[in-house]
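*Asks:* Dropping a structure here in structure tokens format, bear with me for questions.
What follows is calculated from the coordinates using simple rules that are stated; it is not laboratory data. Note that the coordinates shown come from a computational prediction; the quantities given were computed from them, not determined experimentally. Cβ placement follows ideal geometry from the backbone for every residue including glycine, while neighbour counts extend to all protein chains displayed.
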Amino acid sequence: MTLRIYGIAASRAIRALWMAEELGLAYEHVPIHYRDDPDGPLGKNNADFRRANPLGRVPAIDDDGYTLWESMAINLYLARKHGKGLWPATVEGEGLAYQWSFFAVTEIDPDINTWAANAIVLPEDKRDPAKAQAALEKLQRPLAVVDAALAHRPYLAGGAFTVADLNLAAALFRARRMDHAARPNLARWLADCFSRPAARRAWAMRGE
Ligand SMILES: N[C@@H](CCC(=O)N[C@@H](CS)C(=O)NCC(=O)O)C(=O)O
């Protein structure tokens, strides 16, 4: 076994787990919990994990001694290294993979996390509906852009599913609980991405 993926599935580590499943890689999953006892065996002070990510955030990987962190970077690396169709065939396609990956972490992650926490994840008495609403409103602009990008092509970098789709769809996992009546292309693409066998296997790891 050469690839180790750190981070519980119920975290952004799901992104790397989904990628490893798509690529059919043999990997070891080390379910570091980012909130439990930091000094426990699988806590974020685990020495092997800290060597892989001194920042102490999941996911991180150790690929036969080569360590990397940041979920999007990990997936771009794995897709580029192992190919199998997930790495775009053209340099323009590669540019789109970078674009949608940066877009996922800058334009989607912060607001979708705020929305999900206050609309779904937190116990009801801890939710702040005003925060959920404000985040949902901010998401309308980037979500409309994704919908328009998918109006004339099935996937973000062209005709086939690539790391661009995996990275953005993984960030939009919670968006499946939103009303997309005004965004049919986005709804179709989300359903398509999450019906992939590798996506199902990955999300089964967190019971979703
Ligand atoms: N931009 C990073 C974010 C990583 C991140 O914030 N991970 C969370 C779990 S989803 C974490 O490890 N939090 C614990 C901490 O911040 O100490 C990525 O995409 O990998």
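*Asks:* Counting other C-beta atoms within 10 Å, which of Ser101, Ser11, Ser71, Ser195 has the fewest, and how do the rest follow?
*Replies:* Ser195, Ser11, Ser101, Ser71
*Asks:* Follow-up question, since we're still on this one. So how far, in whole Å, is the C-alpha centre of segment 139-159 from the one of segment 36-103?
*Replies:* If you average the Cα positions of each part, the centres end up 24 Å apart.
*Asks:* May I pose another question? Testing the spin-label approximation: label points 7 Å from Cα along Cα→Cβ at Phe102 and Asp48. State their distance in nm.
*Replies:* Modelled inter-label distance: 3.5 nm.
*Asks:* Quick one: which residues, 5+ away or cross-chain, put their amide H under 5 Å from the amide H of Tyr34? H built at 1.01 Å from N.
*Replies:* Amide H to amide H, under 5 Å and 5 or more residues apart or across chains, Tyr34 pairs with Ile8.
*Asks:* Follow-up question, since we're still on this one. Over the Cα atoms of segment 3-85, how large are the radius of gyration and the largest Cα-Cα distance (Dmax), in Å?
*Replies:* 11.9, 40
*Asks:* Next question. List Leu42, Leu17 from most exposed to least, where exposure is judged by having the fewest other Cβ atoms within 10 Å.
*Replies:* Going from least to most buried by this count: Leu42, Leu17.
*Asks:* Label the chain by shape, choosing from rounded, prolate and oblate, from the square roots a ≥ b ≥ c of the eigenvalues of the Cα gyration tensor; if a/c is under 1.5 it is rounded, and otherwise prolate applies when a/b is larger than b/c, oblate when it is not.
*Replies:* oblate
*Asks:* Run through segment 99-170 and list the trypsin sites (Lys or Arg not before Pro) located in a DSSP loop whose Cβ has at most 15 other Cβ atoms within 10 Å.
*Replies:* Here the sparse-neighbourhood loop sites are Arg127.
*Asks:* Taking segment 15-75, which trypsin sites (Lys or Arg not before Pro) meet the DSSP loop condition and have no more than 16 other C-beta atoms within 10 Å?
*Replies:* Arg35
*Asks:* Moving on to the next point. Would you list Glu137, Glu70 from fewest to most Cβ contacts within 10 Å?
*Replies:* So the residues, fewest neighbours to most, are Glu137, Glu70.
*Asks:* Give me a comma-separated list of calculated 3J(HN,Hα) values for segment 63-74, in order, Karplus coefficients 6.51, -1.76, 1.60 applied at θ = phi - 60°, integers in Hz, x for any Gly or Pro.
*Replies:* Calculated HN-Hα couplings, in order: 9, 6, x, 8, 9, 7, 9, 6, 3, 5, 5, 4 Hz.
*Asks:* If R0 is 45 Å, what FRET efficiency do you get for Arg153 and Gln133 from their C-beta distance, rounded to 0.05?
*Replies:* Efficiency for this residue pair is about 0.90.
*Asks:* For segment 91-202, what class follows from the C-alpha gyration tensor (a ≥ b ≥ c being the square roots of its eigenvalues): rounded when a/c is under 1.5, otherwise prolate if a/b is larger than b/c, else oblate?
*Replies:* Note, shape of segment 91-202 comes out prolate.
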